[in-house]
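The structure appears below as structure tokens.
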Amino acid sequence: MVMNKNALIGVGLAVSVLALFVWAQGLMSQPDISDEMAVQIVQYQYVKKPNAVVPVSYNGETYIVTVLPLGENDEPTLIVLKKVADLWQEQPQTFTLTCSTNDCPTDAKKVSVGGHTYIFFTTESSGNALGTVYFNLFSPIENHIYTMSVFGALGNINQLEPAKSDVTGNQAVYDYLIQQIAESPQIAHISEQNLDVNSVDNAVRNWLLSNPDVHDVMRKGYLREYELVFPEYSDNLIDSDMHGSVNFDISNNQYRVASFFKEGVYAHDKIRNKYFIVWFPPSVYDWIPTGSFVEPTKIRLIPREDCFTDSICVPFEIDLKTKKLTY
């Protein structure tokens, strides 16, 4: 049987495609241990309750990627074990993850991106007012974590930080992380409510937009008086679950004023039953630890003693009725 030239080319192409498929399958083959066996190995070598365990094989090598509560404060730490001569050898570089809880991550999974195998997981770091969600792709082969992050006020995390060069230099990784961010329920995606500056969810943003140059004025000291704007709300801004520890909480016949760690100063007009932000610092590290009434409608606020050189470090007074700030 004699095959013509086109038929030979077709057969050659089919063989090439088959070979490429077999090669790709070899690169991303199933690990030669089960998930259950991987967990047992990690439990035997480290702790009974690892945060995450994911076995993965790549190009003939077998790995176990695990996150363990290690260190003095049980910080979540990513470790890679590589199978060498039927033994599991810990790789020299480990990674301490940025997490608000010691049991993160809870969503680690094996994924294929651009023909390579990665472990995808999210971590979250939050303080009393602000938070950041990190979207991570870990490569066992490179022993490298690719990360993109989104930050913002708790409950309204929606500001995407610029990607670093390692992510922008890998289009498949960048596209995958962008897709995960777009689909994440941890992120406040664009909607009419979170774009409505008058919504109570955006009270801090509304105050900052309503008093855009007050921080700069006070830093430069060229005005000794500033008339603030207090957007008001019927919702209780003071007793919100979003706040952290209280710096001070003072009251008189008409007003209640409270300041929160790494946050602003909030007030309640008891007579009109309206809530508003009195003051929000230029940085979360410029919270107001001390405040007192100097007149029935006027409060005196004292910044931190160890405030930063580019912060507002002088005591100042705010009249809650006239909205005049003086210092």
Worksheet item: Could you say whether any residue in the stretch 112-131 is loosely packed, with under 15 Cβ neighbours inside 10 Å, touching a residue at least 12 places away in the same chain (Cβ under 8 Å) and assigned to a strand (DSSP E or B)?
Response: yes
Worksheet item: Is the stretch 144-165 home to any residue that is within 26 Å of Gly71 (Cα to Cα) and out of contact with any Phe, Trp or Tyr (no Cβ under 7 Å at 6 or more places or on another chain)?
Response: yes
Fill in: Candidate set from the stretch 151-171 (those that are touching a residue at least 12 places away in the same chain (Cβ under 8 Å) and either small (Gly, Ala, Ser) or not assigned by TED's automatic domain parsing to the domain that holds Pro185 (or both)); member that is surrounded by the fewest Cβ atoms within 10 Å (Cβ to Cβ)
Gly155
Worksheet item: Considering Pro69, Pro92, which residue is farther than 19 Å from Asn143 by Cα and either under 22 Å from the mean Cα position of the chain (by Cα) or modelled with pLDDT under 95 (or both)?
Response: Pro69
Practice prompt. Only one of these is out of contact with any Leu (no Cβ under 9 Å at 6 or more places or on another chain) and assigned by TED's automatic domain parsing to the domain that holds Tyr63: Thr117, Thr106. Name it.
Written response: Thr106
Worksheet item: Would you pick out the residues in the stretch 236-258 that are of a type in the set (A, V, I, L, M, F, W, C) and surrounded by 13 or more Cβ atoms within 10 Å (Cβ to Cβ)?
Response: Leu237, Ile238, Met242, Phe248, Ile250, Val257, Ala258
Discussion item. Among (1) over 30 Å from Asp286 (Cβ atoms); (2) surrounded by 13 or more Cβ atoms within 10 Å (Cβ to Cβ), there is one condition Gly71 misses while meeting the rest; what is its number?
Written reply: (2)
Item to complete: Can you give me the ranges of the helices (runs of 4 or more DSSP H) entirely in the stretch 158-217 with at least 1 residues that are modelled with pLDDT of 90 or more and touching a Gly at 6+ places or on another chain (Cβ under 6 Å)?
Response: 171-183
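The values are calculated or read from the model by the stated rules, or taken from the named source; none is laboratory data. Keep in mind that what you see is a predicted model, and the values were worked out from it rather than measured. Counting neighbours? That spans all protein chains shown, and the Cβs are built from the backbone with ideal geometry, glycine included.
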